[in-house]
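S.K.: This is the structure I want to talk about, given as structure tokens.
The values are calculated or read from the model by the stated rules, or taken from the named source; none is laboratory data. Remember, predicted model here, so these are calculated numbers, not experimental data. Heads up, the Cβs are rebuilt from the backbone with ideal geometry, glycines too, and the neighbour counts pull from every protein chain shown.
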Amino acid sequence: MSFPVEIIIDILLRLPAKSLIRFKSVCKSWYELINGVDFVNRHLERSLATQTNLHFVYNAHDTLCMADFDSFNKPIELNYPFRDSVMVVGSFNGLLCLQSSNQRPLVIYNPTTQTYKKLPLLGKSASFDHLRSMWHFGFGYDSIARDYKCVSVIQCGNGNGYRMGPFENEVMVYSLKDDSWRKARTPSVPFNFGYRRNVFVNDSIHWVGGVNENVAIVAFDLRDETFSTLPIPDCDSLNRRGMYVGILDGCLCLSISYNELRDSDIWVMREYGVAGSWTKLFSIAKRNGHDAVERPVCYSINLKELFVHMSFICEVASINLDTMEISIVKGPDFNFCTNAHVCVENLLMLEDRNCEWT
């Protein structure tokens with residue numbers, strides 16, 4: 001007795017990627033089905049909707065690792081396409097944008113399928129003094145064009161230091177569909193991003209930006225390739241020492257540190273773009289010798305813990321939301337975990353998968 005195709009597809013959509021990758025070898029029709037764009041998208045959408053097939057991807061010393069979500073158990077070292085240490089520039093839908101420590105080309109990497117796409121090299125702009133320039137990268141998804149994009153922002157100061165404007169800017173956008181870089185249509189952004197990390201939410205890449213004493217969240221919308229600014233929450237500006245963007249439950253959030261980075265507040269923007277929707281979720285005092293919270297990563301599945309990055313020590317910690325006690329995350333096979341990202345399984349196969357990295 002054979003099952004209808006619709007039932008087979010429904011069963012397969014419920015399986016983890018590891019099983020589906022193995023099932024590609026069952027027969028040609030299953031190989032074509034599981035590799036098909038429609039199946040890949042439906043499997044991703046179901047995983048996101050049900051909050052299943054999730055993993056942590058993180059740096060452990062000079063390697064990139066993946067572990068079970070919520071527990072950091074069963075860590076494995078990923079076979080990423082660099083021979084040296086790597087930094088995660090951004091992540092979305094289970095794809096990571098990676099940059100190596102020696103500034104080789106950026107790579108879009110899928111840890112689920114262990115495939116990657118090497119981006120074309122960015123040429124140097126003749127109009128910039130690259131010794132005084134800072135490069136900022138971001139990664140996300142254009143929901144209108146249905147295209148993954150990487151953004152490069154080159155900023156050159158005026159010689160008075162990076163906190164003093166004005167800034168020259170050059171913004172380049174890479175399209176995975178077109179496999180090419182092009183100059184963005186956007187005008188210059190009058191804020192310096194410093195060395196702060198970015199986060200992708202609501203079709204936009206966000207940085208904390210500042211010039212002189214003015215601070216705002218700067219957003220680059222991948223749909224129309226324009227910059228905009230979002231106000232920060234009303235907080236104690238005199239004692240403010242550090243600000244970092246993040247994402248919680250699909251909403252933009254902001255971690256603000258005070259008093260020489262000893263205490264932190266975590267805010268969430270309940271309604272995107274509405275200043276009055278900023279809500280303070282937690283106030284976290286420095287305890288047990290731990291440093292201030294740099295940025296949230298995610299809630300645990302049971303919503304009783306919040307995983308966060310800690311400043312300075314650069315490790316991931318869990319906060320018990322009942323007691324507000326902080327514990328550094330330590331798994332059975334590792335004791336140093338930084339730069340964690342929550343990744344959903346994505347069956348997308350990236351085309352440079354069979355290339356040798358040189």
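Rundown of residues vs (1) acidic (Asp, Glu); (2) farther than 22 Å from Gly246 by Cα; (3) at pLDDT 75 or above, yes/no style:
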{"residue": "Gly165", "(1), (2), (3)": "no, yes, no"}
{"residue": "Trp181", "(1), (2), (3)": "no, yes, yes"}
{"residue": "Arg185", "(1), (2), (3)": "no, yes, yes"}
{"residue": "Val189", "(1), (2), (3)": "no, no, no"}
{"residue": "Gly194", "(1), (2), (3)": "no, no, no"}
{"residue": "Asn202", "(1), (2), (3)": "no, no, yes"}
{"residue": "Ile205", "(1), (2), (3)": "no, no, yes"}
{"residue": "Val208", "(1), (2), (3)": "no, no, yes"}
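S.K.: Hey, could you check region 25-44 for residues that are of a type in the set (Phe, Trp, Tyr) and either modelled with pLDDT under 95 or more than 13 Å from Ile8 (Cβ to Cβ) (or both) and say which is surrounded by the most Cβ atoms within 10 Å (Cβ to Cβ)?
M.R.: My answer is Trp30.
S.K.: A further question follows. Mind checking which helices (runs of 4 or more DSSP H) fall wholly inside region 1-101 and carry at least 3 residues that are among the β-branched types (Val, Ile, Thr)? Step through it out loud before you land on a result.
M.R.: Numbers: elements: 5-13, 17-23, 28-35, 37-50.
Correct list: 5-13, 37-50.
S.K.: Something else about it: I'd like to verify a number: residues in region 264-298 that are at pLDDT 90 or above and either farther than 26 Å from Val218 by Cβ or assigned to a loop (DSSP other than H, G, I, E, B) (or both), how many?
M.R.: 5
Let's see how each residue does on (1) over 20 Å from the mean Cα position of the chain (by Cα); (2) closer than 30 Å to Asn302 by Cβ:
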{"residue": "Leu15", "(1), (2)": "yes, yes"}
{"residue": "Cys27", "(1), (2)": "yes, no"}
{"residue": "Leu33", "(1), (2)": "yes, no"}
{"residue": "Glu45", "(1), (2)": "no, yes"}
{"residue": "Phe69", "(1), (2)": "no, yes"}
